[in-house]
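Worksheet: one structure, shown below.
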Amino acid sequence: MKIDRVDLLIVRLQLVRTFETSSSRKDHLEHILVKVFADGLVGWGECASPLDPYYCEETTETCWHILKDFLIPSVLDRPWTNLEEITNCYRKVKRNNFAKAGLEMACWDILAQATRQPLHSVLGGTRQEILSGVSLGIEQDTDRLFGLIDQFLDEGYRRIKLKIAPGKDVAVVRKVRERYPDILLMVDANSAYTLADTPRLKQLDDFDLLMIEQPLAHDDIVDHAKLQRELRTPICLDESIHSVQDARKALELKSGRIINIKVSRLGGLLEAKRVHDLCYREGIPVWCGGMHEYGIGRAANVALCSLPGFSISGDVSGSDKYYAQDIVDPPIRAINGAIQVPQSIGLGFMPNEKRIKEFTVRFFSTAQ
Ligand SMILES: [Mg+2]
């Protein structure tokens, strides 16, 4: 196969609710859609980078630059038959994983279409439906938080994740646990603490949490190992893991007992699958985190979650939790806390080009 054209589109969508974490607050997103043309087929990918560099160093602008000036020129008109050959084209580009993930995802879609298979089959998925949880941002008002939890439990979601930050942690989690003694509950600190906070984090051991996600620095696996020795609750690593080699080192150091696999953070589905395969061999549970993906990135997450090692409900929820209108048809729906893995060829959800055009704020094409 040969890629003969690539389009980039920055698409702006409003969130149905403002979302706050320990590092950012947002009410809309601008993700880059990557449209790849090869051998008469059209594949779609999504760069789900935040606008600001507070989750990692990348932003929508840096992704645009890296895609347009480095990644796309490296793959254009080069023959390829598998994803290793695609990622090899830009192996000299360090990190910039969100940018890579968008281009790589579109190539997986092309490959699935060329081989007449659903994406999950190309990846080796075995699950027919995936377990879906929700991630709730920091809320200033506890009654409002309870209202959201009630709503999502009523909708059938099976796991609730709370974002925490210093001072917005133990008391809130205690209240939630008292009100909902039996739910699967976890917290995510987005790297807001240091080892000096160990006594505070140990208090979270009282609440029977499924895990504490990324309590310490975004680039750390050493202090996490020290903290894990002090905690009964499993630590889950998110921001610290950018490759299968990062995952291997973290497992060797015992920096955590669970890994959150994010397609964007790992530079694409190929590396995400490698982390899954390593953890599956080692008996380490994994789940799929999200970056508020639109329907295209969300579809890729659904396909990834069909792999056998995804044994914990992830953050992949229905489109309606985030957007009034998604950009794919049908929108991704969670019913009773589960999303059906689509059986149609490719991503399994059709990009709605009319709606995409309506929300596009910047466009580039190699055909221009
Ligand atoms: Mg996280």
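Results, tabulated for the structure shown:
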| quantity | calculated |
| --- | --- |
| Net dipole in debye of the chain [+1 Lys, Arg Cβ; -1 Asp, Glu Cβ; about Cα centre; nearest 20] | 420 debye |
| Gaussian network model of the chain, Cα within-10 Å springs - most flexible of Asp208, Asp182, Asp277 | Asp182 |
| Distance from region 271-302 to region 141-166 (C-alpha centre basis), Å | 23 Å |
| Options His276, Leu195, Ile130, ranked by Cα towards positive dipole end of region 121-350, top entry (Cβ charges) | His276 |
| Highest-fluctuation residue, His31, His218, His242 considered, GNM on the chain with Cα pairs under 10 Å | His218 |
| Anisotropy class of region 121-350 from Cα gyration tensor, a/c 1.5 cut | oblate |
| Nonlocal amide H pairs with Glu213, under 5 Å, H built at 1.01 Å | Val187, Asp188, Ala189, Cys236 |
| Percentage relative contact order, the chain, counting C-alpha pairs under 8 Å, at least six apart | 22 percent |
| Of the DSSP H helices in the chain, those whose Cα atoms cover at least 27 Å axially and whose Kyte score averages 1.0 or more | none |
| Computed helical MRE - 222 nm, the chain, DSSP H runs ≥ 4 contributing -39500 (n - 2.57), nearest 500 | -9500 deg cm²/dmol |
| Restraint check, Lys321/Lys354; Lys175/Lys202; Lys168/Lys226; Lys94/Lys262, Cα-Cα greater than 20 Å | Lys321/Lys354; Lys168/Lys226 |
| Coil-residue trypsin sites (Lys or Arg not before Pro) of region 65-143, DSSP, other Cβ within 10 Å capped at 13 | Arg91, Lys92, Lys94, Arg116 |
| At most 12 other Cβ within 10 Å, DSSP loop - trypsin sites (Lys or Arg not before Pro), region 154-244 | Arg232 |
| Principal axis dimensions, region 280-368 - Cα atoms, whole angstrom, descending | 49, 32, 24 |
| nm² value of the averaged projected area, convex hull over the Cα atoms of region 182-316 | 7.8 nm² |
| Gaussian network model of the chain, Cα within-10 Å springs - most flexible of Cys47, Cys89, Cys288 | Cys89 |
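Each reported figure results from applying straightforward, stated rules to the coordinates on display, with no laboratory input. Everything numeric in this text was worked out from a predicted model, so none of it was measured. Glycine gets a Cβ as well: all are built from the backbone with ideal geometry, and neighbour counts include every protein chain shown.
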